[in-house]
Amino acid sequence: MSHYFAALNKFSCNVIYTQWKQTISNHNSAKTWKTFKRDHKTTSKRQSNQMLNQLPLYASGEIVRGFGRGSKELGIPTANFPLEVVKSLPESLLTGVYYGWANVDSGPVHKMVLSVGWNPFYNNTEKSVETHMLHEFNCDLYGQLLKICIVGYLRPEKSFDSLEALITAIKADIEHAKAHLESPENKKLQEATFFAKNPNGSECK
């Protein structure tokens, strides 16, 4: 009988010890996870600050054909940069939606909303930079020179449950961009020398 209780006590001790180890392990895991989340949040914030410190950011390039979805599916036409321009942008530039100013060749400078990334809703495999200018053009933009000034960041890119939800989000982005670009500080950038007229430009309107 004493052997039975000795074995039982030993088993109980092992169970308690195992449970204690598991408790400590869980505690450490939770602590590690909290530390990871805190560090990740700190890193993300630092990256965001580094990126925002680079703004305004200027870029230019020839307008090329994109995925053909802006006008057809979304009713929101975009002007797309070639891959070499996309790759030339700073690596610290976070993917997502931005607002700023843009013009085509030597035309007027218009408000714009910009998408940088892979468009999760469409699962793109190629990174793109797509500019939607808040203006209706009366000419073909392909092959023309697009200049952009990225002024501020609106939100990270994300997927959506439906095409309608995506369109709603883009329309909200446009309204937010309009509001941000009305500030005196941001309106000054519309007159940046970067947008100086090219005497050989087509002045596409």
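Bear in mind these aren't lab numbers, they're just calculated from the coordinates by the rules spelled out. In this text, all values refer to a predicted model and were calculated from it rather than measured experimentally. Heads up, the Cβs are rebuilt from the backbone with ideal geometry, glycines too, and the neighbour counts pull from every protein chain shown.
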Three semi-axes of the equivalent ellipsoid, region 56-195, Cα gyration tensor, whole Å, largest first: 21, 17, 15
Region 110-193: chymotrypsin sites (Phe, Trp or Tyr not before Pro) in DSSP coil with no more than 16 other Cβ atoms inside 10 Å: TRP118, TYR122, PHE137, TYR142, PHE160
Computed label-point distance, nm, for sites SER162 and LEU83 using a 7 Å Cα→Cβ extension: 3.6 nm
Residues of region 99-115 with amide N under 13 Å of the 7 Å Cα→Cβ point at LYS178: 111-113
